1. If amide hydrogens are placed 1.01 Å from N in the peptide plane, which non-local residues have theirs closer than 5 Å to the one on LEU34?
2. When the accessible area of the range 26-71 is split by element with a 1.4 Å probe, what percent falls to carbon and sulfur?
3. Could you check the simple spin-label distance between THR55 and ASN29, using points 7 Å along Cα→Cβ, in nm with one decimal?
4. Take every Cα pair under 8 Å in the chain that's 6+ residues apart, average their separations, divide by the length, and report that relative contact order as a whole percent.
5. Whole percent per 10 Å bin, from 0 to the bin with the longest distance: what is P(r) over all C-alpha pairs of the chain?
6. Provide the per residue accessible area, probe 1.4 Å, for the chain, rounded to a whole number of square angstrom.
7. LYS27: which aspartates and glutamates have alpha carbons under 14 Å from its alpha carbon, excluding same-chain residues fewer than 8 sequence positions away?
8. Would you kindly derive the ³J(HN,Hα) couplings of the range 28-38 from the backbone phi angles with the Karplus curve 6.51 cos²θ - 1.76 cosθ + 1.60 (θ = phi - 60°), listing them in order in whole Hz, with x for Gly and Pro?
Amino acid sequence: MSGSNDLKVETGKQLKTPDDLEKKVAKNNYNQHLKEWWFVVTKKDLKTKYEKLGTTFTRTEIKEKIESLFV
């Protein structure tokens, strides 16, 4: 079975507790349909927080990653 890739766009506002973010990460890691998944943060100051839990790109960095998927 081949997996798909998934982007999780994060503004840092919807998650009410730190546990909510950790639950989201655990769910993504458990999802067998995902080959890879990444966070895309809308503000670069959020990158440090999110990259502790998974691969994280800013709005300006994600373009290169997406382009690399189609080469």
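The values are calculated or read from the model by the stated rules, or taken from the named source; none is laboratory data. In this text the structure is predicted, and so the values were computed from the model without any measurement. Ideal geometry is used to build each Cβ from the backbone, glycine not excepted, and the neighbour counts take in all protein chains shown. Heavy atoms of the whole protein, side chains included, go into the accessibility calculation; ligands, DNA and RNA do not. Shrake-Rupley method; radii C 1.70, N 1.55, O 1.52, S 1.80 Å.
1. SER4
2. Heavy-atom surface of the range 26-71 belonging to carbon and sulfur, 1.4 Å probe: 52 percent.
3. That separation, rounded to one decimal, is 1.6 nm.
4. So the answer I get is 33 percent.
5. Values per bin, smallest distances first: 19, 52, 26, 3.
6. On the way: 5570 Å² over 71 residues.
I get 78 Å² per residue for this part.
7. ASP6, ASP19, GLU36
8. Each residue of the range 28-38 in turn: 5, 5, 7, 5, 6, 7, 9, 6, 8, 9, 9 Hz.
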